Amino acid sequence: MDISLTTLEGLAPFVLVGFAAQVVDGALGMAFGVISNTLLLSLGVNPAAASAGVHTVETFTTAVSGISHTLHRNVDWRMFLRLMVPGVIGGVLGAYVLSHNADALKPFILAYLTSIGIYLLWRATHKPQPPRKPRVVEPLGLIGGFLDAAGGGGWGPVVTSNLLIQGTQPRLTIGTVNTAEFFLTVTISATFISQLGWEAFTLATVGLLIGGVIAAPFGAVLAKRVPPQRLMLLVGIVLTLTSLFGLYRALA
């Protein structure tokens, strides 16, 4: 009984981290990795274990999130295909070819994402524009997939924010990007999981997985019910804050 109680007490903080991170990611199309990694490190998890846990869990949370967004009709299937195929190609390239060069690019990418976040904040506080069809989609999928694999994250911030700048509808953009991310995550994580096996499932990983899977349907509901301008405002806030934090850590 004592062992069981100790295990449950140790699991609870990681469940809360996974739940909080996935609610944000499911509703806004980004930030699961950033939030999870930051909170895990603050709880004393070493960086390598935190990264391994987050990547393993994302394979499952993106599956549940994608199903939830599909059920709530938050997915533009034409845009999904335009993102998913080049995203997987970019993920393979990032994982197997140029991953060791990603750190040098990270400050520039984060500075760019910070400027995108500020622009989205401006857009969200001004008169809304009618939705438009995006002109640049496939290159975003390719770049987002590459950066996600090579730099340990970037699919949501790069793809979601740039599609919103082009005038796409926030709800459909977030749902489509989240659904496409499942295939990207599976591709990137396949070798990682096969090499680690069950060793990847530490107490922190199991907690993240439980919290993330429970939270995934809530994110899809929020994306459907929150007004478009407010969604854009929230995306801008999260993108700006997480990019600034990442830029500070990259330059420190």
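To the nearest µm²/s, what D does Stokes-Einstein give for the range 2-251 at 10 °C and 1.306 mPa s, using the Kirkwood radius over alpha carbon pairs as Rh? Stokes-Einstein gives a translational diffusion coefficient of 89 µm²/s.
Gain on full extension, evaluated as 0.36 nm per residue between residue 108 and residue 214 minus their Cα-Cα distance, stands at 34.7 nm. With a Förster radius of 51 Å applied to the beta-carbon distance between residue 229 and residue 96, the computed FRET efficiency rounds to 0.80. Partner lysines whose Cα lies under 22 Å from the Cα of residue 224, excluding those fewer than 8 positions away in the same chain, are identified as 127, 133.
Provide the gained length on full extension for the span residue 241 to residue 16, in nm with one decimal, where the gain is 0.36 nm per separating residue minus the Cα-Cα distance. Working shown, then result.
Numbers: separation 225, 0.36 × 225 = 81.00 nm, distance 2.07 nm.
This chain segment gains 78.9 nm when fully extended.
Placing pseudo-labels 7 Å out from each Cα toward the beta carbon at residue 129 and residue 71 gives an inter-label distance of 3.5 nm. Length gained on full extension, residue 166 to residue 186: 4.4 nm, using 0.36 nm per residue less the C-alpha separation.
A crude spin-label estimate for the pair residue 43 and residue 136, with each label 7 Å from Cα along the Cβ direction, gives 3.8 nm.
Approximating the spin labels as points 7 Å out from Cα along Cα→Cβ, the residue 9-to-residue 250 distance works out to 4.1 nm.
The numbers here are math on the coordinates, done by the rules we state, and not lab data. Computed from a predicted model, the values in this text were never measured in an experiment. FYI the Cβ positions are ideal-geometry reconstructions off the backbone, even for glycines, and counts take in every protein chain you see.
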